[in-house]
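The values are calculated or read from the model by the stated rules, or taken from the named source; none is laboratory data. Here the structure is a predicted model, which is why all the values come from computation and not from measurement. Backbone-built Cβ (ideal geometry, glycine too); neighbour counts: all protein chains shown. The area values use the complete protein model at the heavy-atom level, side chains included, leaving out ligands, DNA and RNA. Shrake-Rupley method; radii C 1.70, N 1.55, O 1.52, S 1.80 Å.
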Amino acid sequence: MPNGRVLALIIAALAGPAAAQSSAMTVRQFVEIAGSTPRNPLSLMRPSVRRAWDTMEGSINAARVEEAQARTSGRTPPFCIPATTNISPNDFIARMRAVPGAHQNQPVNRAVRSWMVERFPCR
């Protein structure tokens, strides 16, 4: 099993471009795309849907990287996401829709970070 530092590097490498792209998309943009997308596999061929999907994956990966980096530096992470957690696209979309209108212009990464703090507090 890799140590925490190696794990953080692996997660960061996997997050790569998707994490960078996710910081550019706002919650409002994500919700607009997700709300107008048909629920079928072919919809992933649309560039806007692909960008939203990458944003979703990247923001979750970025949260995992933040947690791993806190652990490797000896700090208590702001949240403790269980290794077996599987956040479905429907759960993610529902959570982004639940973000209050005044906060819809924040980056998806920030909204996901707040969600993880609330959903997975460290005990």
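Name the single residue that is most open to solvent (accessible area, probe 1.4 Å) among those in segment 29-49 being under 15 Å from the mean Cα position of the chain (by Cα) and modelled with pLDDT of 90 or more. So the residue we want is Gln29. Asn105 meets the conditions (1) of a type outside the set (Asp, Glu); (2) touching a Lys or Arg at 6+ places or on another chain (Cβ under 8 Å); (3) over 18 Å from Gly35 (Cβ atoms) in every case but one. The failed one is (3).
Could you list, in sequence order, all residues of segment 38-64 that are in contact (Cβ under 8 Å) with a residue 40 or more places away in the chain and among the β-branched types (Val, Ile, Thr)? Hits for segment 38-64 are Thr55, Ile60.
Summed over segment 67-92, the residues that are under 22 Å from Glu32 (Cα atoms) and either open to solvent by less than 60 Å² (accessible area, probe 1.4 Å) or in a loop (DSSP other than H, G, I, E, B) (or both) give a count of 4.
Residues in segment 25-37 that are touching a helix residue (DSSP H, G or I) at 6+ places or on another chain (Cβ under 6 Å) and touching a residue at least 24 places away in the same chain (Cβ under 8 Å): Met25, Val27, Phe30, Val31, Ala34.
Has segment 105-116 got at least one residue that is surrounded by fewer than 16 Cβ atoms within 10 Å (Cβ to Cβ) and either of a type in the set (A, V, I, L, M) or at pLDDT below 95 (or both)? Among the residues of segment 105-116, not one is surrounded by fewer than 16 Cβ atoms within 10 Å (Cβ to Cβ) and either of a type in the set (A, V, I, L, M) or at pLDDT below 95 (or both), which makes the answer no. Take the conditions (1) open to solvent by less than 40 Å² (accessible area, probe 1.4 Å); (2) modelled with pLDDT of 80 or more; Arg64 misses just one of them, which is (1). Residues in segment 93-123 that are within 17 Å of Thr26 (Cα to Cα) and either in a loop (DSSP other than H, G, I, E, B) or more than 13 Å from the chain's Cα centre (by Cα) (or both): 11 in all.
Reported count of residues in segment 23-54, each being in contact with a Pro (Cβ under 9 Å, 6 or more places away or on another chain) and either part of a strand (DSSP E or B) or among the polar types (S, T, N, Q) (or both), is 2. Applying a threshold of 7 Å to beta carbon distances and a minimum spacing of six or more residues, or different chains, the list of pairs starting in segment 65-78 at a residue that is within 20 Å of Asn109 (Cα to Cα) and ending at one that is among the hydroxyl-bearing types (Ser, Thr, Tyr) reads Ala70/Thr76.
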